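The values are calculated or read from the model by the stated rules, or taken from the named source; none is laboratory data. These numbers were taken from a predicted model, which means no experiment stands behind them. Backbone-built Cβ (ideal geometry, glycine too); neighbour counts: all protein chains shown.
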Amino acid sequence: MIRIVRRVRTAVNPVSTAAAMWWCHSAVRHALTGYGPTAEQRRLIGCGKGGVGFTPSAEQMKARAEAIDELLGRDGYEM
């Protein structure tokens, strides 16, 4: 009986994984629930713009560090 269950799980796992991946990235999910990526976000993800793999420039990092320092200093936080 255990062998049968293992075989069924082995057969079902790839299908359920593919269905879950489709659902997480589909427009249907966003239309039905309001969650998930919009069409514009999916285009950006597909093109590799922004999101994963995005590396900010040195100027952007410096500006972010200055903004954080300003915020921490303004609220009286000390590092």
Complete set of residues in segment 12-30 that are among the aliphatic types (A, V, I, L, M) and surrounded by 10 or more Cβ atoms within 10 Å (Cβ to Cβ): 12, 18, 19, 20, 21, 27, 28
For segment 46-58, state whether one or more residues are at pLDDT below 85 and in a helix (DSSP H, G or I). yes
